[in-house]
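J.: Below you'll find the structure I mean.
The values are calculated or read from the model by the stated rules, or taken from the named source; none is laboratory data. Note that the structure is predicted; figures quoted are calculated from it, not measured. Please note: Cβ atoms are built from the backbone with ideal geometry, for glycine as well, and neighbour counts cover all protein chains shown. We work out accessible area using only protein heavy atoms, side chains counted, and drop any ligands, DNA or RNA first. Shrake-Rupley method; radii C 1.70, N 1.55, O 1.52, S 1.80 Å.
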Amino acid sequence: MSVIEYKCPNCGSGMVFDSETEMLSCPSCGRKDNIENIPDPLKQQANAEDEAQEYHCTSCGAVILTDPETSATTCSFCGSAVVLGDRLSGKLTPAVVIPFAISKEEAVKAFKKWCRNGLLTPSGFMSADRIKGMTGIYVPFWLYELHNNVEVHGHATKVRIYTSGDYEYTETQHFEIYRKIRLNYLKVPIDASEKMNDELMDKLEPFPYEHLKEFKTPYLAGYIAEKYSYDDKALLPRAKDKIREFIDAYIASTVSGYTSVSYTDKQIDTNAKQADYALFPVWMVQYDFRKKDYTFAMNGQTGKVVGKPPLSKAKVAAWFAGVFGVSFICLKLISWMMGGGFL
């Protein structure tokens, strides 16, 4: 049972990851250590993939109870940041991580600003004073490298309409089309946590890959981290579905210039060349409004917020009335300019 905690060499307090400096920071004395210079204890341990049932905080000795999927958390008694090392060992070791760039205080401010931008939300919701929880979570993702061999057969037409004398002619040319295409997609992200809402996680994209770093456990200090619930093979069908619309769009771009196109056969052979285990930063927001809980998610690097806020029926009705009124006036103006006058 491996519990990893980073103690400050100066004062002995627990150290946490500082999103502003991207260093391991001591909240007590202010010491900051470069993560790149800190040996990662996971690389010094033997692979251990059996799940431990009980952990003890190295600071206060209290028992740390977590869900089986949790790999980093805080002690509920003393608040120390701890990493459950055996849940990040062997096949459970992430390859890369995108660290948090937005602190909890910045996340709260950004969420309040986002709430105030809700034009159709109830006025009480826009005050953003009912945040029940703001939790920083490293969500597990698989990053796929997908190679696609595509073969398309189809039929296309080009239609030309012209007049000659008193007659109008329609000329239709028919074409058989064939395309053989190779498309490769890199770092296709699929969230691998059973707890996370897939729709929310998809809408949080894009995550800035320029901030990807080789995984080291100090990045997790002070945050909660989940380990994957599904391996890369189990989620490969989702990854294939995700890129399908991009493949279809590319195929369509290769047969432009025709009046109509119909496909008689479309074969897409997708192979996963690689799948890297990654952790992405997400702030999960629990919000209480009129005795109902709402869940929102914020990209921990970009600050993008996603979720479904409540709608004000009065504001929605007023908005539709306004749109209808403007449309009605525009139609009357067009009618008047064309000689129809006002009714």
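J.: Residues of the stretch 275-293 being open to solvent by 50 Å² or more (accessible area, probe 1.4 Å) and modelled with pLDDT of 95 or more, which ones?
T.: Once the filter is applied, which keeps residues that are open to solvent by 50 Å² or more (accessible area, probe 1.4 Å) and modelled with pLDDT of 95 or more, the stretch 275-293 yields only Asp276.
J.: Related question: Quick one: which of Phe296, Phe246 is touching a residue at least 40 places away in the same chain (Cβ under 8 Å), aromatic (Phe, Trp, Tyr) and surrounded by 14 or more Cβ atoms within 10 Å (Cβ to Cβ)?
T.: Working: Phe246 fails: surrounded by 14 or more Cβ atoms within 10 Å (Cβ to Cβ).
Of Phe296, Phe246, the one residue that is touching a residue at least 40 places away in the same chain (Cβ under 8 Å), aromatic (Phe, Trp, Tyr) and surrounded by 14 or more Cβ atoms within 10 Å (Cβ to Cβ) is Phe296.
J.: Under 7 Å by Cβ, and 6 or more places apart or on different chains, what pairs join a residue from the stretch 192-219 that is over 26 Å from Glu5 (Cβ atoms) and in contact (Cβ under 8 Å) with a residue 24 or more places away in the chain with one that is part of a loop (DSSP other than H, G, I, E, B) and of a type in the set (D, E, K, R)?
T.: Leu204/Lys304
J.: Still on this structure, please answer the following. If Pro39 passes every condition in (1) modelled with pLDDT of 75 or more; (2) open to solvent by 40 Å² or more (accessible area, probe 1.4 Å); (3) in contact with a strand residue (DSSP E or B) (Cβ under 9 Å, 6 or more places away or on another chain) but one, which one does it miss?
T.: (3)
J.: Identify, please: which residue in the stretch 84-119 is touching a Ser or Thr at 6+ places or on another chain (Cβ under 6 Å) and part of a helix (DSSP H, G or I) and is, among those, farthest from Trp283 (Cα to Cα)?
T.: Asp86
J.: In the stretch 191-213, how many are open to solvent by 80 Å² or more (accessible area, probe 1.4 Å) and farther than 17 Å from Tyr230 by Cα?
T.: Qualifying residue count, the stretch 191-213: 3.
J.: Separate question: Out of (1) out of contact with any helix residue (DSSP H, G or I) (no Cβ under 8 Å at 6 or more places or on another chain); (2) in a strand (DSSP E or B); (3) aliphatic (A, V, I, L, M); (4) open to solvent by 10 Å² or more (accessible area, probe 1.4 Å), the odd one out for Leu183 is which?
T.: Every condition holds for Leu183 apart from (1).
J.: Could you say which residue among Met23, Met15 is modelled with pLDDT of 75 or more, more than 17 Å from Ala225 (Cβ to Cβ), crowded, with 16+ Cβ neighbours inside 10 Å and assigned by TED's automatic domain parsing to the domain that holds Asp86?
T.: Values: Met15 fails: more than 17 Å from Ala225 (Cβ to Cβ).
Matching residue, one of Met23, Met15: Met23.
J.: Is there any pair with a first residue in the stretch 100-119 that is modelled with pLDDT of 90 or more and a second that is in a loop (DSSP other than H, G, I, E, B) and surrounded by fewer than 17 Cβ atoms within 10 Å (Cβ to Cβ) whose Cβ atoms are under 7 Å apart and which are 6 or more apart or on different chains, and what are they?
T.: As it stands, the answer is Ser103/Glu20, since those pairs meet every condition given.
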